[in-house]
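The values are calculated or read from the model by the stated rules, or taken from the named source; none is laboratory data. Since this is a predicted model, take the numbers as computed values, not measurements. Here the Cβ positions follow ideal geometry from the backbone for every residue, glycine too, while neighbour counts run over all protein chains shown.
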Amino acid sequence: NGRPSGRAPEPPESPAALPERSLGLLQQLWELLTTHSHHRAVDAAPAQAAASRASASARARAIAELSGAHASALSAILGPLRSAGLDDATARRNATELAVTALLDLRSAGDLDRELSEEPAATAFARLADVVRPLLRHSPVRLDLLAPTEGDRSVPTDTAHTARTTVRSTVLAMLEQDGLTRLHVSWQFVADGLRAVVRDDGPGLLTADALAVHRTADRIAALAGRLTVEAVPGWGTTVTVDLPLHAPAGPIGAARPLEGLQPRELEVLDELARGRRNREIAAALHISESTVKFHVANILAKLEVGSRGEAAALAHRAGLPTTPAPGTPTALHAAS
C-alpha cells in the first residue's frame, strides 16, 4: 500500500574516531568559547546580567519545548502512516491534520523565540531611561531623553543591549567633567541601522579613550558598528553610535580591517608599519619589549595574518603609518 512496513531501521555504523589534531583544535575552540562567555558574564552590569540570565532561561525552555513538539509531531504523523488498520486515504488525511496542527504549534513556539531575540524600540529605550535616570538622580545636570519615533519597530536584543551599554558608559564619562549642566540622549533609525546620540554642554575635551575603560569600542566592533566622538572645546561633546540592524553580508572586519584593534594595539601596529623592531617599538612607546610581543601576537590574531609583513601590508592599505618616520625603512622592506 506504499506505507512503511514498520521494520526497524538498521543501526548506523559507528563513526570513526577523530584524529588527535582535531580533538586538540576542538578543545581550543571550547576553551575560547568558555572564556568569551565568562568575560560577557563578568563585564555585564548586575541588572543586565539578571535580564540576560532570565532571557537565556526562557529561551532554553522555548527550545526544549520546540524540540519536544517537533519530536511529538513526527511520531504522531508516522502513527497513521504506519497503521495497518487504516486505508491509504484515511492515513493521509489523519497525517495531514496532525501536520497542520503541529505546524501551528511550532509557529507559536517560533514567535516566542523571536520575542526573546528582538524587542520593540520603545521598550528598549524605556529600559535605557531606567538605567540612565538613576545616574543623575543626585546631580544638577539636566537630562533630556528623546525616544525613537518608530517605537513599534523591532530591534535585535544584541543591538539594543550594545546601544544601552554604550549610552550608559558615555554618560558616566561625561559626568566626570566639570561645568556640565545638560545631557541629551536620543535614539533614531537611520537607513538600516540604529543611531544612538549622547550630547553634553561640557568643556568639549572628551576623547574616545575615555570610553575604553568600559570596552565600548569592542562591543560596537563586535556588531560591525561605528563610534564617532566630536568634541569642540568650549561647546561640548557629541558621541554618536551607529549599529546595523542586520548582520553584515561579509566578514565584520572586511571593510574596516583595523577597527577591532585597541588604541595601544593601533600604536604598536603604526610603529610596526614604519619598519621598527620590537626593541625600537618598546622604546618609542615607553613599554617593555615583552609587552610589545604580547601586542604583536594579538594584532596578528585579530587581523588573521601569519606574519609581521602581512600585518604591515594590511596597515599600509588602511592608511598607516599616518606620518613616515625619518630615517626608517618601509615596513614591507624591513619585513622582507
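Residues in the range 121-153 that are of a type in the set (S, T, N, Q) and either crowded, with 17+ Cβ neighbours inside 10 Å or over 17 Å from F189 (Cβ atoms) (or both): S139 only.
Yes or no, residue by residue, for (1) under 19 Å from the mean Cα position of the chain (by Cα); (2) closer than 24 Å to Q262 by Cβ:
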| position | (1), (2) |
| --- | --- |
| S139 | no, no |
| L145 | no, no |
| T157 | yes, no |
| S169 | yes, yes |
| A210 | no, yes |
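Residues in the range 167-209 that are modelled with pLDDT of 90 or more and exposed (fewer than 15 other Cβ atoms within 10 Å of the Cβ): T181, R182. Would you check if there is a residue in the range 264-277 being in contact with an Asp or Glu (Cβ under 6 Å, 6 or more places away or on another chain) and not hydrophobic (A, V, I, L, M, F, W, C)? Within the range 264-277, not a single residue is in contact with an Asp or Glu (Cβ under 6 Å, 6 or more places away or on another chain) and not hydrophobic (A, V, I, L, M, F, W, C).
Residues that are over 24 Å from A217 (Cα atoms) and of a type outside the set (A, V, I, L, M, F, W, C): does the range 155-176 have at least one? Scanning the range 155-176 turns up no residue that is over 24 Å from A217 (Cα atoms) and of a type outside the set (A, V, I, L, M, F, W, C). Which of the residues that make up the range 115-150 are of a type in the set (A, V, I, L, M, F, W, C), within 15 Å of M174 (Cα to Cα) and either in contact with a Ser or Thr (Cβ under 9 Å, 6 or more places away or on another chain) or at pLDDT 90 or above (or both)? Scanning the range 115-150 gives V141, L143.
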